[in-house]
Every structure is written in structure tokens, then in C-alpha cells.
């Protein structure tokens, strides 16, 4: 039986486990852990013996990735 969340559906968790962290940035767990080990992806936070990734760290990681082709993002919406 699946565990029920105490969080309201409108509130996403701040810390997520390995599988969810990898999926959050569209990577396999193997590739994600490889990038963490290389220092290219954020390290997890530690709570006792448990490890979890902060979604804000994952957001910064994703935002820092280059765009395909090396070009800057189209910013025609900027003034």
C-alpha cells in the first residue's frame, strides 16, 4: 500500500530522494550519481543516515546547463 503524504497536493516537497532527484532533472540515477561524484551536479543534504536533494539546488543546476548548440537562450521577451 502506498504511503500517504501529509502535504497538501499544492505543496511540493522541498527535499527529494535520489530517484526523484534524477527524474526531476531528466537523468537516469546512474548518470545523475556520476555527475554528483564529478561535482557537476549538487550533492545531497544529509539527515542522519538519509540523503535527500534540495529541489532549489536542482533548479539552479538545471538553469546553469548550457543550451544546445552553445547559443544563448532566446530572450526576445526581454525589454
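The values are calculated or read from the model by the stated rules, or taken from the named source; none is laboratory data. Just so it is clear, the structure is predicted and the values come from calculations on it, not from any experiment. No Cβ is skipped: glycine too gets one built from the backbone with ideal geometry, and neighbour counts run over all protein chains shown.
Consider residue 16 carefully, then state whether it is modelled with pLDDT of 80 or more, in contact with a strand residue (DSSP E or B) (Cβ under 9 Å, 6 or more places away or on another chain) and surrounded by fewer than 10 Cβ atoms within 10 Å (Cβ to Cβ).
Working: modelled with pLDDT of 80 or more: yes; in contact with a strand residue (DSSP E or B) (Cβ under 9 Å, 6 or more places away or on another chain): yes; surrounded by fewer than 10 Cβ atoms within 10 Å (Cβ to Cβ): no.
Against the criterion (modelled with pLDDT of 80 or more, in contact with a strand residue (DSSP E or B) (Cβ under 9 Å, 6 or more places away or on another chain) and surrounded by fewer than 10 Cβ atoms within 10 Å (Cβ to Cβ)), residue 16 does not qualify.
Please count how many residues of region 37-54 are at negative phi and outside any strand (DSSP E or B).
To start, the set of residues in region 37-54 that are at negative phi comprises 37-38, 40-47, 49-54.
Imposing the further condition that a residue be outside any strand (DSSP E or B) reduces the set to 37-38, 40-44, 49.
Matching residues across region 37-54 total 8.
Give the residues of region 4-36 that are assigned to a loop (DSSP other than H, G, I, E, B) and within 26 Å of residue 66 (Cα to Cα), sorted by residue number.
Taking region 4-36 and keeping what is assigned to a loop (DSSP other than H, G, I, E, B), we get 4-14, 17, 25-28.
If the condition is that a residue be assigned to a loop (DSSP other than H, G, I, E, B) and within 26 Å of residue 66 (Cα to Cα), then 14, 17, 25, 26, 27, 28 are the ones that fit.
Does residue 10 satisfy the criteria of being surrounded by fewer than 15 Cβ atoms within 10 Å (Cβ to Cβ) and more than 14 Å from the chain's Cα centre (by Cα)?
Working: surrounded by fewer than 15 Cβ atoms within 10 Å (Cβ to Cβ): yes; more than 14 Å from the chain's Cα centre (by Cα): yes.
Considered against the rule, which asks whether it is surrounded by fewer than 15 Cβ atoms within 10 Å (Cβ to Cβ) and more than 14 Å from the chain's Cα centre (by Cα), residue 10 comes out as yes.
I'm trying to understand the selection: among the residues of region 44-53, which are in contact with a helix residue (DSSP H, G or I) (Cβ under 9 Å, 6 or more places away or on another chain) and more than 13 Å from residue 22 (Cβ to Cβ)?
Of region 44-53, the ones in contact with a helix residue (DSSP H, G or I) (Cβ under 9 Å, 6 or more places away or on another chain) are 44-45, 51-53.
Across region 44-53, the qualifying residue is only 45.
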